[in-house]
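First the structure, in the form of structure tokens, and then the observations on it.
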Amino acid sequence: TNPYEWTNGIAKYNYLRQNSLLGKTIALSYADEEHVENAKYGYYMARILGLAGWAFSPKLVYAQGGDVIRLDVYEVGVPISSPILNYAGKNATRTFTSGEVVVDLAAPSLKIPFQYVYYEIEGRPPSQSALTSDDVKPGANSNIVSYAYASTPKGLYVYLKATGTSVTCFHIYINYDGDNSTGYGPSWLEDFGAEYMVEVWSDGSFAGLYKYTGSGGNWRWLQLTSDISFNLTSTGSTYELELIVPASVQGNDIYEEKSSKLNIAVNVNWNDDSYLRHNKLIEPKPTAPTIYDEEDLFTNYIARVTEMLVEKSYAAAFTDAPSTIASGLANYTICVPYPSISKVTKFGSALQKMDTPTFSGEGYYVEPHDNFSKVTVVVKHSSPVTIMVYKGPSTVGFGGVFEPISLAHQITMSALIFMLMPLSIALIRRLLKSPPPLQRRS
């Protein structure tokens, strides 16, 4: 009896379900280094099955020591349907407020209702985040045109666009503890103490992560790794750099959200020439659900639901959208556990209900399902936006609860009631009339 066989997993699930133990069970996923991404299927399967919690561990890593590996998994919302298990096909399906989630363990594969996209700093794509002299200290032979960053569970994503002649390399400085008195702190870096640094050569041949081992402003660094994911392009004197700073390396936590700081410098002839005037606090920029596609870094920014509240009679969605949407309209798709919808509002004002899923201007369209509704809402951008979806009235027909009675059925019912009224009145009179006295038999 192999506990990892699908049939035995089904048996365990049925036992937990029949004994009301699903909400008291925590699942653990693990995988070897070659299949770490597959472990995330365990998270979504735990959500589908309705388990109390889920955890992940690379196989044997923690028992034998080593780096803690983070896995990209994100919240899918509140479940609004029961799980559907395909025993023969080895897959499971469930609908959440974000949409349908399907885990196929035979492939294995995963279907989730949102895109893997990337978010830029302050909602602006790098091409539109031009910096001024207040942001950058220009150098004699270089300048920083624009930059962007985002802190994610996978690492710190950094984008840089710079110009310069005789550029040697690019430096990404990280003040881990936020303390300006510790770490690498030359006078030109304007009250900054860097514990870590990423150096990328301008010819694209090398990128490495270093830990500071000196004191004050002397140049003493220990290389931790050269395994830095980056992409560098150059056209004439213009450079564009994308890179990922890992969250931890060899037991060193490289940055901490809301406490670590960031600075960027362009190095000319092995001297930092231009840099940021203000050290940027590293904050978590994206909002789940989000995953970062390395092939499309810093290219997309879409409207998203940042928070959701589902009650018995209404659902509240708190949303965000970039100011760079050309049309000024943001599109949201929200699944709610209501078979019918009475109205949808934006900031308390009712939106127009549309007959087709494609329409112009503000409004909403409802795609009904057996026990939930898929609502498409289009509103003008005004971050943040509060969208309220209200449950519709429950109707009862001869076909069952929530089945509306058609007009033909209503006419037929009215006629039948009208025909039965005389009989009903006569029957009531007969019942109310005093019965005759019983006759005694002799």
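No lab work stands behind these numbers, since they all come straight from the coordinates. Bear in mind the structure is a predicted one, so any value in this text is a computation, not a measurement. Reconstructed Cβ throughout: ideal geometry from the backbone, glycine too, with neighbour counts over all protein chains shown.
Ordering of 18-24, 206-212, 260-266 by packing is 260-266, 206-212, 18-24, highest average first (other Cβ atoms within 10 Å, averaged per residue).
Rounded to the nearest 0.05, what FRET efficiency is calculated for residue 349 and residue 78 with R0 set to 30 Å and r the Cβ-Cβ distance? The value I calculate is 0.75. A protection proxy built from the mean count of other Cβ atoms within 10 Å ranks the segments 347-354, 359-366, 192-199, most packed first, as 192-199, 359-366, 347-354.
Here the Karplus curve 6.51 cos²θ - 1.76 cosθ + 1.60, taken at θ = phi - 60°, turns the phi angles of the range 215-230 into couplings of 8, x, x, 6, 8, 9, 9, 10, 6, 8, 6, 10, 8, 10, 6, 8 Hz, with x standing for Gly and Pro. Once the Cα-Cα distance is subtracted from the 0.36 nm per residue extended length, the residue 230 to residue 318 segment shows a gain of 28.2 nm. Shown in residue order for the range 45-50 are the 3J(HN,Hα) couplings computed by the Karplus curve 6.51 cos²θ - 1.76 cosθ + 1.60 at θ = phi - 60°: 5, 5, 5, 5, 6, x Hz (x for Gly and Pro). In this structure, the amide hydrogen of residue 29, modeled 1.01 Å from its nitrogen in the peptide plane, lies closer than 5 angstrom to those of 55, 56, 57, counting only residues at least 5 positions away or on a different chain.
Taking 22 Å as the limit for the C-alpha separation, the pairs 161/258; 111/343; 346/391; 353/380 exceed it in the case of 161/258; 111/343. Distance between the 7 Å Cα→Cβ label points at residue 342 and residue 219: 7.1 nm. Amide H to amide H, with H built 1.01 Å from N, residue 229 comes under 5 Å of 244, counting only residues 5 or more places away or on other chains.
Computed 3J(HN,Hα) for the range 12-18, one whole-Hz value per residue from the Karplus formula 6.51 cos²θ - 1.76 cosθ + 1.60 where θ = phi - 60°, is 5, 4, 5, 5, 5, 5, 5, glycine and proline marked x.
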